[in-house]
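A.B. asks: Starting off with a structure, shown below.
The values are calculated or read from the model by the stated rules, or taken from the named source; none is laboratory data. All of these numbers come straight from a predicted model, not from anything done at the bench. Ideal geometry is used to build each Cβ from the backbone, glycine not excepted, and the neighbour counts take in all protein chains shown. Accessible surface is based on the protein model in full, side chains and every heavy atom, while ligands, DNA and RNA are left aside. Shrake-Rupley method; radii C 1.70, N 1.55, O 1.52, S 1.80 Å.
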Amino acid sequence: EPSKPSISLDEARLFGYYISEGCHNRDTLKSGEYILHGTEFSFNLNEDMTYAEDVRSICNRLGIRHSTSRIPSRNVLVISTTNTVARKFAAWCDINGSHLSQHKALSEEVMRWPIEYKMELLKGMFRGDGTHYVGSRGIPSVSYTTASGVLAEQLQIILAHVGIYAGLVVHTRKPGKFNKNPAVKNMVNIGGIQCLEFADQVWGSDNRFTGY
């Protein structure tokens, strides 16, 4: 049975961006505790007027103060949020999604959201860590990559809730000379005709499948 969301549709999409591109904007004290200011969202510079602008527009509607830093040498821009509304939303994200990429996971409330909320969540997530392309055999595909195995499995479930079948492939990079820890990449893949409509819902006019 669907649960009653504790946030708005705008916040649901912003939460999707947080799951993919977000982290805490905070100061860590010597004691190990930290002061939470809000959230940070990172994008490529070429996403400044698309997905980064979507985040800024949502923040404006929600009354979240924000600033944008552009770092050309790294081809990245960072949107930082900070005020009372931002801190409240950041705390909600921590409870319902965690804050480290490898530990990102959705709460029971989020997993039981109504379909319209799940679609807003998916928009933010796939605009962040998702991609869509036509493969070498001319077959359209959509994929989402995450370091969290739990999140990958939860994403499969949410996609099934909205009527989309998705497979899961796990890639593990062996420890190297400088990086002693193995890196795990979980890829949730959507193939075939079903991904065309989904891509249109997620990326809209920026959909690479237009005219396919």
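A.B. asks: Going by the conditions given, is V169 closer than 18 Å to G149 by Cα and at pLDDT 85 or above?
C.D. replies: Yes: the conditions hold for V169.
A.B. asks: For region 130-150, does any single residue satisfy the condition of being open to solvent by 40 Å² or more (accessible area, probe 1.4 Å), out of contact with any strand residue (DSSP E or B) (no Cβ under 9 Å at 6 or more places or on another chain) and among the polar types (S, T, N, Q)?
C.D. replies: yes
A.B. asks: Consider A90 against the criteria (1) touching a Ser or Thr at 6+ places or on another chain (Cβ under 6 Å); (2) open to solvent by less than 40 Å² (accessible area, probe 1.4 Å); (3) part of a strand (DSSP E or B); (4) modelled with pLDDT under 95: it satisfies all of them except one. Which criterion is unmet?
C.D. replies: (3)
A.B. asks: Tell me which residues, restricted to region 1-30, are of a type in the set (D, E, K, R) and modelled with pLDDT under 95.
C.D. replies: Within region 1-30, E1, K4, E21, R26, D27, K30 meet the criteria.
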